[in-house]
Amino acid sequence: MRKQVDVLIIGSGIAGLSYAIKVADHAQVLIVTKTESDETATKYAQGGIAAVMYTPDTYEKHIADTMNAGQYLNNPEIVRLTITESTERIHELVDWGTQFDLNSKGEYSLGREGGHSEHRVLHHKDSTGSEIERALLEKARTHPNIEFWENQFTIDIITQHHLGKEVKRHMTDIECYGGYIFNPETEEIYTVLSKITMLATGGIGNLYSSTTNPPIATGDGVAMLYRAKGVVSDMEFVQFHPTSLYNPGETPSFLITEALRGFGAILRNKSSEAFMQRYDERCSLAPRDIVARAIDNELKISGDDCVYLDCTHLKKKDLMDHFPKVYARCLALGIDISRDQIPVVPSAHYSCGGIKVDKDACSSIKHLYASGECAATGLHGANRLASNSLLESLVFSHRAAQHTIEQIGQIDFCKGIPDWNDEGMIHNEEMVLITQSTKELQSIMSNYVGIVRSDLRLKRALDRLGIIYKETESLYNKSKVSVQICELRNLINIGYLVIKMAQNRKESIGLHYTIDYPPIAN
Ligand code: FAD
Ligand code: SIN
């Protein structure tokens, strides 16, 4: 089965949709998503989107906060362009129908989160992502040039490797011609040829046992690009959100937004001590790497299962008005947040690393862009500033769209690409081989490659991963394609990249903290 389309977009979160809306005025677009279109990390974003809207805030202050959170490993040019374009991108999002909360003066109500020196987070109560996803999907669905393929899994991108040519890492002329897309219902694999391909496949959270990410976040785009010998960077910087609800067995872990701390909530240990004072002068509003590490330390010392977020000094009505989703979720578990402290633990939340891209979101592979969480733009450095992710997606999808519109007229479809060949492959009848390996992988990553690392733990993780890798490749090479085995394979690729890049970084900085190297002062 074959299809030709000008622009193939993998992913329907904020990155994929905002890019689609712009390029669709100039080209035919196909958006492929592995489940329903709105099942994205974007939909679950709570706190909001950071942007400079009013004085006393300035671009310079937002730039300084972003660089400081990232421990100056950020690319200063990228930080500046992202933040100076923030206001324009927000106005556009509003023009497309997104509703942000307003204050009594009719101005945007701006929240504050860890590491921000000003109130600058636009939000829609505590369901900002769901409001953005709604508005973008409504806009994209009505565009005559945009087609959606839901519940279709992209297995791999197509390059000259599929024409039988040798492709090596660091080659500068690798080209992308589209993707192989699997329909789990019919078991057909489509060869989709495109002039331009956009990877907007989101995060990697399911590499760990506990994550705030939805099940779709299995690092597929990064793994596909890596297999195609493209350049990936910064994977050692995995962000753990300090406050996910401690509710053993719940997957994904429910996020307790950092905006609650911006609103005055305080982290306490079991003895009711506001322990963050011992770790950072910004206390509960220090950047995420510092807070997550402090909690990890408190739990290791005390042996407790969780720490607590205390909102009991805040007004019940304010909590219900501003954080209705968190309020309701906790209440359903018998926790009235106006009276009871919320049990919280850190969970894997965000990948600062990914597909290395330039300022126009171009990857190292020709005609292949990446935007959103799967991309490494250089904005975040060693640690992402809260609520900079949705902003980054908008800015880079906009730049990618402009670049695409300039380039697409000069690109032709590639001829001679073969269809996917799975002759002789058999159905894997033992799903336990995949589910058990996934659990083992998550356990290895959580225990050895989490918030605190060491050379010994990383080596042990790599050795264990090697065994799972060999077993999985052997199974993959004789099995018919299934989503489960592809996702496991992708997660193994991602685990390898996180471990290798962590081993290569011989220092403690930002989200990469190892007991073998002294930390660099913030
Ligand atoms: P996503 O929105 O995750 O979309 C990924 C898309 O790719 C999906 O459509 C999926 O189906 C598709 N896909 C993936 N692999 C394949 C494949 N193989 N084949 C076909 N389709 C595929 N950031 C902020 O800035 N502010 C916040 O307040 C905030 N809160 C957050 C709260 C939570 C609970 C979480 C999990 C994240 C939060 N983040 C926040 C981070 C932010 O939401 C994400 O980084 C951002 O939404 C990622 O957008 P995206 O478009 O890159 O990917
Ligand atoms: C949150 O609401 O705490 C998440 C914000 C983010 O990940 O940027």
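The values are calculated or read from the model by the stated rules, or taken from the named source; none is laboratory data. Please read these numbers as outputs of a predicted model, since none were measured by experiment. Note that each Cβ is placed from the backbone with ideal geometry, even for glycine, and that neighbours are counted across all protein chains shown. Note: areas computed on protein heavy atoms with side chains; ligands, DNA, RNA excluded. Shrake-Rupley method; radii C 1.70, N 1.55, O 1.52, S 1.80 Å.
At-a-glance table
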| quantity | calculated |
| --- | --- |
| Degrees separating the helix 432-448 axis from the principal Cα axis of the chain, which is the longest one | 50 |
| Candidate aspartates and glutamates - alpha carbon under 16 Å from Lys270, same-chain residues fewer than 8 apart omitted | Asp296, Glu298, Asp304, Asp305, Asp310, Asp340 |
| Rounded percent of accessible protein surface that carbon and sulfur make up, the chain, 1.4 Å probe | 50 |
| Cα-based helix-to-principal-axis angle, 59-69 vs the chain, degrees rounded to 10 | 90 |
| The range 1-107: relative contact order in percent, alpha carbon pairs under 8 Å with at least 6 residues between | 19 |
| Expected 222 nm ellipticity per residue - DSSP helices of 4 or more, -39500 (n - 2.57), all of the chain, to 500 | -11000 deg cm²/dmol |
| Which of Gly466, Ile451, Ala502, positive extreme of dipole for the range 447-522 (C-beta unit charges) | Gly466 |
| Heavy atoms of Ile405: accessible area, 1.4 Å probe, square angstrom to 10 | 60 |
| Over 24 Å between alpha carbons, listed pairs Lys125/Lys315; Lys43/Lys125; Lys439/Lys478; Lys125/Lys317; Lys470/Lys506 | Lys470/Lys506 |
| 0 to 90° range, to nearest 10: angle between helix 388-407 axis and the chain longest Cα axis | 30 |
| Order of exposure, largest accessible area first, which applies to Phe413, Phe254 with probe 1.4 Å | Phe413, Phe254 |
| Mean accessible surface per residue for the chain, computed with a 1.4 Å probe while every protein chain stays in place, in Å² | 39 |
| Computed accessible area, Leu462, all protein chains, 1.4 angstrom probe, square angstrom | 40 |
| Shape of the range 383-491, Cα gyration tensor, a/c cut at 1.5 | oblate |
| Most positive-pole-ward Cα, Tyr54, Ile408, Pro248, against dipole of the chain from beta carbon charges | Pro248 |
| Simple Cβ-charge dipole of the range 96-161, Lys/Arg +1 and Asp/Glu -1, about Cα centre, in debye nearest 20 | 220 |
| Cα gyration tensor shape for the range 308-365, rounded if a/c is under 1.5, else prolate or oblate | prolate |
| Unit charges on C-beta of K, R, D, E only; dipole of the chain, Debye | 860 |
| Residue-level accessible surface for Met198, protein heavy atoms, 1.4 Å, Å² | 0 |
| Charge dipole of the chain about the Cα centre (unit charges at C-beta), most positive-ward option of Ile189, Tyr72, Asn421 | Tyr72 |
| Share, in percent, of DSSP beta bridges within the chain that are antiparallel, nearest 5 | 55 |
| Candidate lysines for bridging to Lys415, where Cα separation is under 22 Å - those fewer than 8 sequence places away on the same chain excluded | Lys3, Lys165, Lys168, Lys195, Lys229, Lys366 |
| Computed magnitude of the charge dipole of the range 393-488 (debye, nearest 20; Cβ of K, R +1, Cβ of D, E -1) | 540 |
